[in-house]
Amino acid sequence: MVKILKSEICGEIVIGRNAINYLSRILNEIDPYKIGVVTSRSVATLWMKVLLENTKRSIDQIFVLPDGEEAKSLGNVIDLWRRLIYSKFTRKSLLISFGGGAICDVVGFVASTYMRGIGLINIPTTLLSQIDAAIGGKTGIDFEGKNIIGTFYPPNAVIVDPMFLETLPDDEFKSGMAEIIKYGIINNSNLLEKIESNLDRILVRDSRILEEIIQDCIRIKVNIVERDFKEKDLRMILNLSLIHI
Ligand code: GLY
């Protein structure tokens, strides 16, 4: 079942099967002047049609970046800023980040810096980005090192739909699973037991169990980010750099 978490700091987060159906309602509420979608090559090929069917309004620009970390370059940021200017995006406009963690990071950065900040909706399409990069407002690009330049900028909304995981390559699914296990360790909850007792269903990507586990992980992350948005101490636990009891 779709769950909606409303967080002052993390924005509205809609999580569950068919969560993408909520996109048009969210866009109508924000009512942006212009809408741009930024995605990666592979996500554009696999899922752009589904996204466009769910916006129920016209999209002014679609920007396609390379897959993976290559998207997070200053060159791509400059290109996006320029294209937003030439397409007359105002401060009342909005970007939808549609892809994995790299897309989330770079689009968040562009949204936070263009005209001192425009609207942002994250629609993560990998397991890892659904439980990590899309949640909590960290943005970043790679410049003389990974994530050296970035901002803290919460999105207006995040839509997390396990449907997008159907086409995820095995390696990427496994790195998402590693992150889920990390949440189990951090939270000391029954999450690890849930994973163990549902392993068969998880491995065949049963969307019901994935939905439940993703909801658990996002709740854990939101709870931490709300207490330490700017990563002064507690939030470091998400990188297992500091263990709090
Ligand atoms: N990826 C860790 C954090 O969001 O703080």
(request) Write down the Å³ per residue value for the convex hull defined by the alpha carbon atoms of the stretch 163-245. (result) 99 Å³
(message) Taking 0.36 nm per residue of sequence separation and subtracting the Cα-Cα distance, how much length would be gained by fully extending the chain between Ile181 and Leu199, in nm to one decimal?
(response) 5.3 nm
(request) Put one equal scatterer on each alpha carbon of the chain, apply the Debye formula with no solvent term, and list log10 I(q)/I(0) at q = 0.09, 0.12, 0.17 1/Å to two decimals. (result) -0.35, -0.64, -1.32
(request) May I ask for the percentage of alpha-carbon pairs in the stretch 1-78 that lie more than 21 Å from each other? (result) 41 percent
(message) At 1.002 mPa s and 20 °C, plugging the Kirkwood radius over alpha-carbon pairs of the stretch 101-245 into Stokes-Einstein gives what diffusion coefficient in µm²/s?
(response) 135 µm²/s
(message) Which chymotrypsin sites (Phe, Trp or Tyr not before Pro) in the stretch 86-162 sit in a loop by DSSP (not H, G, I, E or B) and have at most 15 other Cβ atoms within 10 Å of their own Cβ?
(response) Phe143
(request) Whole Å is fine, so just give me how far the alpha carbon centre of the stretch 96-125 lies from that of the stretch 1-79. (result) 8 Å
(message) Out of all DSSP beta bridges in the chain, what portion is antiparallel? Express it as a percent rounded to 5.
(response) 25 percent
(request) Enumerate the whole-percent occupancy of each 10 Å bin, from 0 to the last occupied one, for all C-alpha pair distances of the stretch 130-182. (result) 20, 39, 38, 3
(message) Within 10 Å of each candidate Cβ there may be at most 16 other Cβ atoms; applying that plus a DSSP loop requirement, which trypsin sites (Lys or Arg not before Pro) in the stretch 163-245 survive?
(response) Arg205, Lys230, Lys232
(message) Exceeding 28 Å between C-alpha atoms, which entries from my cross-link table qualify? They are Lys34/Lys221; Lys146/Lys232; Lys56/Lys182; Lys6/Lys88.
(response) Lys34/Lys221; Lys56/Lys182; Lys6/Lys88
(message) Rounded to two decimal places and with Rh computed the Kirkwood way over Cα pairs, what is Rg over Rh for the stretch 53-104?
(response) 0.97
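Each reported figure results from applying straightforward, stated rules to the coordinates on display, with no laboratory input. Keep in mind that this is a model prediction, so the values were computed, not measured. Heads up, the Cβs are rebuilt from the backbone with ideal geometry, glycines too, and the neighbour counts pull from every protein chain shown.
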